[in-house]
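Written out below as structure tokens is the structure these notes cover.
The values are calculated or read from the model by the stated rules, or taken from the named source; none is laboratory data. Note that the coordinates shown come from a computational prediction; the quantities given were computed from them, not determined experimentally. Methodologically, a virtual Cβ is constructed for each residue, glycine included, from the backbone with ideal geometry; neighbour enumeration extends over all protein chains shown.
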Amino acid sequence: MTDPTASGPTVGATASNVPQRSNADILRLRKRLLNPTLSVSYNEPLKIVRGEGIWLYDQHGQSYLDMVNNVCHVGHCHPRVVAAGQAQMAQLNTNTRYLHDNIVEYALRLTATLPEPLSVVFLTNSGTEANDLALRLARAHTKAQGVVVVDHAYHGHSPSMVELSPYKFNGKGGAGQSSHVGVVAMPDTYRGPFRETAAAGRQYGQLLPAAINGLRQRDIAPAAFYCESLLGCGGQIVLPEGYLPEAYAAVRAAGGVCVADEVQVGFGRVGEHFWAFESQGVVPDIVTIGKPIGNGHPMGAVVTTPEIAASFVSGMEYFNTFGGNPVSCAIALAVLDVIADEQLQENARRVGQFLMDGLRELQQRHDCIGDVRGRGLFVGAELVRDRAARTPDQPKAKAVVEAMKARHVLLSTEGPDDNVLKIKPPIVFSQANAEEFLDKLDQVLRGL
């Protein structure tokens, strides 16, 4: 294993006098005191007490290669990000009704990464808040209520976003599809109805008018189309070429606006572009941002056009107590600096290609790998029982995750059948890390 034991605080050290409990005690107290719907990862949950770069550490000092955390984007506890937050927290944290340099500097820096006319920034505390606010903006601008979403999408946990998330409303405990929501098939070229990649983007995009017409038959006009720029809960799916141009044209012709959900995939993760929607050659009307924006600090953002922002001016203020505070903006600025200074977008492109090539080489030796797909360091490997039939193999995917954990590599699964290994590490992930992962995955697949 690569030696990750260099510097850092003593394992298990705490900033306050918090008792250090056993895993069993923590599980017992969680069950008694916390939200009863919370889950834990793995059959034998880990107690993680420290993170550094690509590594997580348990209470015994054992290191785990983190292949699934797309929140700590530039690495766990990046010293420059931590220092920026500490320095600002020691000086001031307050709300946006006072003037401060950090918020306007961040708006300037963030909008500089986006194409015109995306130039007006709203700051929030999470991706859910960002997507929720985007819905308000879209409805204010269009004076309509309907929304078209992609099947198995997840856009957040607020009531309005659960209604826009088939992953939730069609899942366990879900209330089913609301009348103001239209759903289109995932543009999946591996198991979906359209698999000829040259035509698939256009064919999937041509499903939008039927969904829009379905809304109109219920006397509901379309306000927005929400689409992740790469599908996460859908199974790490790369949108086929031409999909968003076709879909966006249909939505705009019907009077709606187009929302690019970049909560999981923005900030250079896809390698070739800073924002994943750019790979489709489109400019959305609204972009929503979350997870990596603060490298683990709770923060989100919406960026839209001056025209849409003006439609939101009704006399009701949008004020968010914590959104855009000086500490959050200092941290977010540091994240942008680290991405640029450490050339992490290029690292995501280069190492992501190495990783994809390695997975495809493993695919030649292991029939259970039905498909390998991704962009940059957002990668999926779909496991199947029968390659010809493309039959999903959820048990094997779960077994792989547990076996890799036993080898100190952390993975998870995704997709409608929960059979896709999702691989989205911090973008400091190196070629050496990729080699270690590929070697261990090969060992696991040979042993199952």
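Are any residues in region 86-106 within 19 Å of residue 341 (Cα to Cα) and surrounded by fewer than 21 Cβ atoms within 10 Å (Cβ to Cβ), and if so, which ones? Spell out the reasoning first.
First, the residues of region 86-106 that are within 19 Å of residue 341 (Cα to Cα): 105-106.
Result: 105, single match.
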* Taking region 186-200 only, how many residues are assigned to a loop (DSSP other than H, G, I, E, B) and out of contact with any helix residue (DSSP H, G or I) (no Cβ under 7 Å at 6 or more places or on another chain)? -> 8
* Asked: basic (Lys, Arg), in contact with a strand residue (DSSP E or B) (Cβ under 9 Å, 6 or more places away or on another chain) and not in a strand (DSSP E or B), is that true of residue 350?
  -> no
* Identify, by number, the condition in (1) in contact with a Ser or Thr (Cβ under 9 Å, 6 or more places away or on another chain); (2) crowded, with 22+ Cβ neighbours inside 10 Å; (3) within 30 Å of residue 217 (Cβ to Cβ) that residue 150 doesn't meet. => (1)
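Just to be sure before I move on: is residue 429 of a type outside the set (D, E, K, R), outside the structural domain of residue 168 (by TED's automatic domain parsing), on the phi < 0 side of the Ramachandran plot and assigned to a loop (DSSP other than H, G, I, E, B) in the structure I sent?
Working: of a type outside the set (D, E, K, R): yes; outside the structural domain of residue 168 (by TED's automatic domain parsing): yes; on the phi < 0 side of the Ramachandran plot: yes; assigned to a loop (DSSP other than H, G, I, E, B): yes.
When the stated conditions are applied, residue 429 passes them.
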* To do: Can you tell me which residue among 78, 73 is touching a residue at least 24 places away in the same chain (Cβ under 8 Å), surrounded by 12 or more Cβ atoms within 10 Å (Cβ to Cβ) and out of contact with any Phe, Trp or Tyr (no Cβ under 9 Å at 6 or more places or on another chain)?
  => 78
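Being outside any helix (DSSP H, G or I), touching a residue at least 24 places away in the same chain (Cβ under 8 Å) and farther than 23 Å from residue 241 by Cα is the filter here; which residues of region 353-384 pass it? Steps first, please.
Step one: list which residues in region 353-384 are outside any helix (DSSP H, G or I), which gives 366-384.
Subsequent filtering for residues that are touching a residue at least 24 places away in the same chain (Cβ under 8 Å) retains 366, 368-371, 373-384.
Listed by number, the residues that qualify are 366, 368, 369, 383, 384.
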* Asked: Name the pairs whose Cβ atoms lie under 6 Å apart, with the first residue in region 169-189 and under 25 Å from residue 203 (Cα atoms), the second of a type in the set (Ser, Thr, Tyr) and at pLDDT below 95, and 6 or more positions between them or separate chains?
  -> 189/197
* Would you confirm whether any residue within region 184-198 is modelled with pLDDT of 95 or more, crowded, with 24+ Cβ neighbours inside 10 Å and among the acidic types (Asp, Glu)? => yes
* Within the set of pairs 6 or more residues apart or between chains, which connect a residue that is over 27 Å from residue 169 (Cβ atoms) inside region 407-424 to a residue that is in a loop (DSSP other than H, G, I, E, B) and of a type in the set (Phe, Trp, Tyr) with Cβ atoms less than 9 Å apart? -> 410/42
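Run down 43, 35 and say which single residue is more than 18 Å from residue 64 (Cβ to Cβ) and either at pLDDT 95 or above or not assigned by TED's automatic domain parsing to the domain that holds residue 412 (or both). Spell out the reasoning first.
On the way: 43 fails: more than 18 Å from residue 64 (Cβ to Cβ).
Sole residue among the options that is more than 18 Å from residue 64 (Cβ to Cβ) and either at pLDDT 95 or above or not assigned by TED's automatic domain parsing to the domain that holds residue 412 (or both): 35.
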* To do: Output yes when any residue across region 364-385 is crowded, with 20+ Cβ neighbours inside 10 Å, at pLDDT 95 or above, closer than 16 Å to residue 190 by Cβ and among the acidic types (Asp, Glu), and no when none is.
  => yes
* Just one of the numbered conditions (1) in contact with a strand residue (DSSP E or B) (Cβ under 8 Å, 6 or more places away or on another chain); (2) within 18 Å of residue 114 (Cα to Cα); (3) of a type in the set (D, E, K, R) is not true of residue 252; which one? -> (2)
* Single residue of 152, 157, 100, 141 found to be over 21 Å from residue 214 (Cα atoms), within 18 Å of the chain's Cα centre (by Cα) and of a type outside the set (S, T, N, Q) -> 157
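Residue by residue through region 84-120, note down the ones that are touching a Ser or Thr at 6+ places or on another chain (Cβ under 8 Å) and β-branched (Val, Ile, Thr). Working first, answer last.
Initially, region 84-120 is screened for residues touching a Ser or Thr at 6+ places or on another chain (Cβ under 8 Å), giving 95, 100, 103, 111, 117-120.
Within region 84-120, 103, 111, 120 qualify.
In the list 57, 64, which residue meets the criterion of being touching a Ser or Thr at 6+ places or on another chain (Cβ under 7 Å), at pLDDT 95 or above and surrounded by 10 or more Cβ atoms within 10 Å (Cβ to Cβ)?
Exactly one of 57, 64 is touching a Ser or Thr at 6+ places or on another chain (Cβ under 7 Å), at pLDDT 95 or above and surrounded by 10 or more Cβ atoms within 10 Å (Cβ to Cβ), namely 57.
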